[in-house]
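Down below is the structure, laid out as structure tokens.
The values are calculated or read from the model by the stated rules, or taken from the named source; none is laboratory data. No experiment lies behind these values; they were computed from the predicted model shown. Here Cβ is always computed from backbone atoms with ideal geometry, including for glycine, and neighbour counts include all displayed protein chains. Note: areas computed on protein heavy atoms with side chains; ligands, DNA, RNA excluded. Shrake-Rupley method; radii C 1.70, N 1.55, O 1.52, S 1.80 Å.
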Number of protein chains: 2
Amino acid sequence: MKTETCTYTDAGTNLKGFLAYDEKVSGKRPGILVMPEAFGLGKNAKNRAQRLAELGYVALGGDPFGDGKEFSDLQDAIKVAGALMADPAKFRARARAGIDKLASLPQVDATRLAAIGYCMGGTFALELARDGAPLRGVVSFHGGLQTQRPAQAGQVKAKVLVCHGSDDPMIPTPQVNAFVDEMTKAKADWQVIAYGNTVHSFTNPDADGSMMPGIKFNAQSDARSWLAMKNFFEEIFAK
Amino acid sequence: MKTETCTYTDAGTNLKGFLAYDEKVSGKRPGILVMPEAFGLGKNAKNRAQRLAELGYVALGGDPFGDGKEFSDLQDAIKVAGALMADPAKFRARARAGIDKLASLPQVDATRLAAIGYCMGGTFALELARDGAPLRGVVSFHGGLQTQRPAQAGQVKAKVLVCHGSDDPMIPTPQVNAFVDEMTKAKADWQVIAYGNTVHSFTNPDADGSMMPGIKFNAQSDARSWLAMKNFFEEIFAK
């Protein structure tokens, strides 16, 4: 397994991504962009990129903020992430830059791309889908489902899988229902899995509930959603 | 593969089930009750029982009405099914009889049981869970989610997986939301998968939309939900 820093740019911002792939495999493989939580490209997203590489994919952990910036304080993260998300064109462009980089890599089959993301990263993935990015699929794990630019009919090319913690205080039921309406009207290929007894950040082992009770790891929902993603990729990447 | 008629009784009603298992395998295996649609134990449920047997399980297609009664007309089916469902104690007992029969079979590991069902059969499976039946799990495919006897806290022993067509006219969103509330309050282990572009009876290849547009097969959602069930069984039957 090879992991390395992978730099790319978005409109003058230097982005510091994390690339993982099996260097012993020859030939082009599907490429997956992994967008992280609002804390920046950290341990959890990098770990997921490595696990995707172990599954045979080329995975790029995307840098949302530039220069690999990370935050440990939630309020700091919300401030910077909020500013980025406030401008939907910039927000989408930031994720598109990662997709473009991935597609340009010699190991990657540019006709077989996907994006996944955690929390804000899930929203990145969904915004790529709404934007009509040329992806086979997107997967959101506890990602926010709201958007300033709802998908229009026929616009979504990617198949969409949303893994949602049913008790996530940041993504209440009306938001899920609105997303379902949006995707249905857009005639997207979509699935939403709701996991009971599950709150925000359920995939992150470091979320121990101390930051707030609504942000907590759930090993079972993590395992179930990872398997759902794995099967989804087998479906969408079948030639 | 061996398939055979399997008779059992429920309070004086003679039930004519359909048993499927691999007779070349020795040793006890998990047992799965398959409850059919309101048309009675027919082709689709029997086919599923055989497919479960191919996966290594002992599967019993349950007879909901007695003497293997089947209906081809929807109104006839609704009349008889409606009468049975109107009495929740009788309805639950009818499914329990299938579980008891399954548990008594020499091929079955009675500590590893599950129930699945289609349409009304999904409701049968969920009512078993609400009733605290000793099952590892239940799976409902386009099953009605309403109940006269909501589950109480701690009552549900089975893990619950609901596979739901998002456009199912018989199971509108408020019914799904009420189910989620019920399961959450009951502290059950539950998951709901909503499939976009999918209506009622999405697993049944004979549902061609001619009976009503809201009853129609969807090959993709059928395949996805079957795989979700398969993974669920691997999880719940792991020793």
- Query: Checking B:ASP206 against (1) away from chain A (no Cβ under 14 Å); (2) within 16 Å of B:MET120 (Cα to Cα), which single condition isn't satisfied?
  - Reply: (2)
- Item | The one condition in (1) over 28 Å from B:GLN146 (Cβ atoms); (2) modelled with pLDDT of 95 or more that B:ARG96 fails to fulfil | (1)
- Item | Subset of region A:16-73 [in a helix (DSSP H, G or I) and at positive phi] | none
- Residue by residue through region B:177-191, note down the ones that are under 18 Å from the mean Cα position of the chain (by Cα) and either open to solvent by 10 Å² or more (accessible area, probe 1.4 Å) or more than 10 Å from chain A (Cβ to nearest Cβ) (or both). B:PHE179, B:ASP189, B:GLN191
- Query: So which residues in region A:192-216 are without any contact (Cβ under 8 Å) to a residue 60 or more places away in the chain, crowded, with 18+ Cβ neighbours inside 10 Å and touching a Pro at 6+ places or on another chain (Cβ under 9 Å)?
  - Reply: A:VAL199, A:ILE215
- Query: Out of all the residues in region A:38-95, which are open to solvent by 10 Å² or more (accessible area, probe 1.4 Å), under 13 Å from the mean Cα position of the chain (by Cα) and closer than 18 Å to A:THR5 by Cα?
  - Reply: A:ASN44, A:LYS46, A:ARG94
- Item | Any chance A:GLY82 is free of Cβ contacts under 8 Å to residues at least 40 places away in the same chain and within 25 Å of A:GLY209 (Cβ to Cβ) | yes
- Based on what the data block shows, is A:LYS101 surrounded by fewer than 18 Cβ atoms within 10 Å (Cβ to Cβ), outside any strand (DSSP E or B) and at pLDDT 95 or above? no
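Results for (1) modelled with pLDDT under 95; (2) under 28 Å from B:PHE237 (Cβ atoms); (3) touching an Asp or Glu at 6+ places or on another chain (Cβ under 7 Å); (4) among the β-branched types (Val, Ile, Thr), shown as yes or no for each residue.
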position: B:ARG48; (1), (2), (3), (4): no, yes, no, no
position: B:TYR57; (1), (2), (3), (4): no, yes, no, no
position: B:GLY62; (1), (2), (3), (4): no, yes, no, no
position: B:ASP67; (1), (2), (3), (4): no, no, no, no
position: B:GLN75; (1), (2), (3), (4): yes, no, no, no
- Please state which one of B:PRO169, B:PRO150, B:PRO134 is more than 10 Å from chain A (Cβ to nearest Cβ), under 26 Å from B:PRO205 (Cβ atoms), modelled with pLDDT of 95 or more and open to solvent by 30 Å² or more (accessible area, probe 1.4 Å). B:PRO169
- Quick check: is even one residue across region A:109-130 away from chain B (no Cβ under 13 Å), under 24 Å from B:ASP168 (Cα atoms) and surrounded by 21 or more Cβ atoms within 10 Å (Cβ to Cβ)? no
- Close pairs from region A:90-115: first under 13 Å from A:ARG136 (Cα atoms), partner part of a helix (DSSP H, G or I), Cβ under 6 Å, at least 6 apart: A:ALA110/A:ALA103; A:ARG112/A:PHE237; A:ALA115/A:ALA125; A:ALA115/A:LEU128
- Would you mind stating whether A:ALA158 is surrounded by 16 or more Cβ atoms within 10 Å (Cβ to Cβ) and closer than 18 Å to A:ALA115 by Cα? yes
- Query: What are the residues in region A:10-42 that are in contact with a helix residue (DSSP H, G or I) (Cβ under 7 Å, 6 or more places away or on another chain) and among the hydroxyl-bearing types (Ser, Thr, Tyr), if any?
  - Reply: A:TYR21
- Message: Please determine whether any residue of region B:25-32 is at pLDDT below 95 and either polar (S, T, N, Q) or open to solvent by 70 Å² or more (accessible area, probe 1.4 Å) (or both).
- Response: yes
- Message: Exactly one of these conditions fails for A:VAL160: (1) within 12 Å of another protein chain (Cβ to nearest Cβ); (2) in contact with a helix residue (DSSP H, G or I) (Cβ under 8 Å, 6 or more places away or on another chain); (3) assigned to a loop (DSSP other than H, G, I, E, B). Give me its number.
- Response: (3)
- Message: Quick check on B:TRP226: is it farther than 18 Å from B:MET120 by Cβ, touching a helix residue (DSSP H, G or I) at 6+ places or on another chain (Cβ under 6 Å) and touching a residue at least 12 places away in the same chain (Cβ under 8 Å)?
- Response: no
